[in-house]
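Q: Structure provided below as structure tokens; questions to follow.
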Amino acid sequence: MPADDRGTQARSGVVTGGNLTASLREAFYRVVTMEDYEMFSTKKRLDNTRVQAWGSAESLHDKLHLWCGGGYFGEPAHGHMSWVPVAAFDPIFWLHHNNVDRLFAIWQTLHPKSENKKNWFDDKARAQEGLLPFRKNEDGEYWNSDDVYETADLGYTYSILPKKRDAAGKVVLDRPLDELKKELNELYGATRRAEQKAAVTGVQPEPLKVADALQFNTIAKIQAQIINTNTGTPEAPKVEDQLDVYDYIANVKYERFALQGMPFTIHVLIGKAPENDTPMDAVEYKNVVGQVFNFAAPLEMNHDDNSNNGHTTTQPGGCANCEKQAKEKSESTGQVVLTNALITRYKQQIIHENRDDASQVLASMEPADVIEFLKKNLHWRITGASGSIIPKEQIPSLKVAIAVGKADHYADPTKLSVYRDYEVMYDVTAGRAGGAAPEDNLFAPGTEYHG
């Protein structure tokens, strides 16, 4: 199938299936609920090995570059947005980065600066470093991070974050914080809604083939009743708190310059997957439940030039520390939430053709059943800028780890969900190309799942 046709069919699958769009909304939700600023902000693999903190605002930012620039369904990445050197030439670049700024502003409102919390710079001096090349006055002084912390000080804000000044002249939120949290639940709490729906709907009595499976957004026509009023009717029972429910994630680690800075995408699939040397077809793309995009600049465009009065610059399209990161084999992380996709497969009892040529359905959301199901039905594939499959052996730093944790989803629409206590299910990935094993030491001791 030609790449363009494959992409068109796959896009249709995403619109109706919702796997990727739900994953994207949930990624936004989980990022804004992170407490630690460094974990929130960067995809760089940190010394901290906390299992649940492999998603980040930067990784989410990269994913939108992929979606806007092409290449996300295996077609060639022809669009400007998929390429660091030319991304800013696409007008949507500015809309995208405006939304990243909005994401940051929401996070700051939920996690205001405090001396007792790690939600700003640990090194106070760094917050005062100049943000070149942006000057704030005719004396040549540069803006710094503290200067631009509050958007209202720069003369703007966002509709979700109306601002005003209090009697002391301090900028404050001009709406109850609970209203903001309720709006975040409605806009981005995809897993929260999925768990609420699952609690009041039954399991499909007969297993369904993938082609015949109902899409998740038509399992029950109760979403508005649950989210907006939660009063309960015979057709739409009142939802109670969903506490200690199982939550599943895929953590992905890779070397940023593994392919000399060329972009590549790691696709996480549940269901049929292509062989390493064959492209994905439209049916296989409907099994993609999430992606991690390596948004990097080709090293050939990153050459230091020290002729600028001692200041290091780069050729057009490059960045000053890309060569440094490449030499240090800098590693990046990303995360795909699996819970929504697993709920869909369990509630609808969708039959999966797995690598043993046997049919299998997910028996329950219990970890023991999920492990056995994912061992045969979870896959990951890498595609390059041309849309072709890249063998995992070309990126030996790649590690995919599956973890189970607990989530608390509240019936109160003004309370944000809480995600906690994750353990790594190495049985799903150990022994597979690019799969994590205990000896990889990706996470702190004591985080293995033992049932």
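Nothing in this text is a laboratory measurement; each read-out follows from the coordinates by a stated rule. The structure displayed is predicted, hence computed values, not measured ones. Using ideal geometry, Cβ is built from the backbone for each residue, glycine included, and neighbour counts are taken over all protein chains shown.
Q: Of the peptides 432-445, 394-407, how do they stack up when ordered by the mean number of other Cβ atoms within 10 Å, highest first? All intermediate terms of the calculation are to be shown ahead of the outcome.
A: Details: 432-445: 15.4, 394-407: 19.6.
The most tightly packed comes first, giving 394-407, 432-445.
Q: Another question about this same structure. Which whole-Hz ³J(HN,Hα) couplings does the stretch 414-419 yield from phi under the Karplus relation 6.51 cos²θ - 1.76 cosθ + 1.60, θ = phi - 60°, glycine and proline marked x?
A: 9, 9, 6, 5, 10, 10
Q: Related question: Starting at the first residue of the stretch 83-91, write each ³J(HN,Hα) from the Karplus equation 6.51 cos²θ - 1.76 cosθ + 1.60 with θ = phi - 60°, in whole Hz, x for Gly and Pro.
A: Coupling constants for the stretch 83-91: 10, 3, x, 10, 4, 5, 7, 8, x Hz.
Q: By average Cβ neighbour count within 10 Å, what is the ranking of 160-171, 287-298 from highest down? All intermediate terms of the calculation are to be shown ahead of the outcome.
A: On the way: 160-171: 11.2, 287-298: 24.9.
Highest-to-lowest ranking by the protection proxy: 287-298, 160-171.
Q: Based on the mean of other beta carbon atoms within 10 Å per residue, what is the order of 144-154, 367-377, 262-272, most packed first?
A: Values: 144-154: 15.0, 367-377: 18.0, 262-272: 23.1.
The packing order, highest mean first, is 262-272, 367-377, 144-154.
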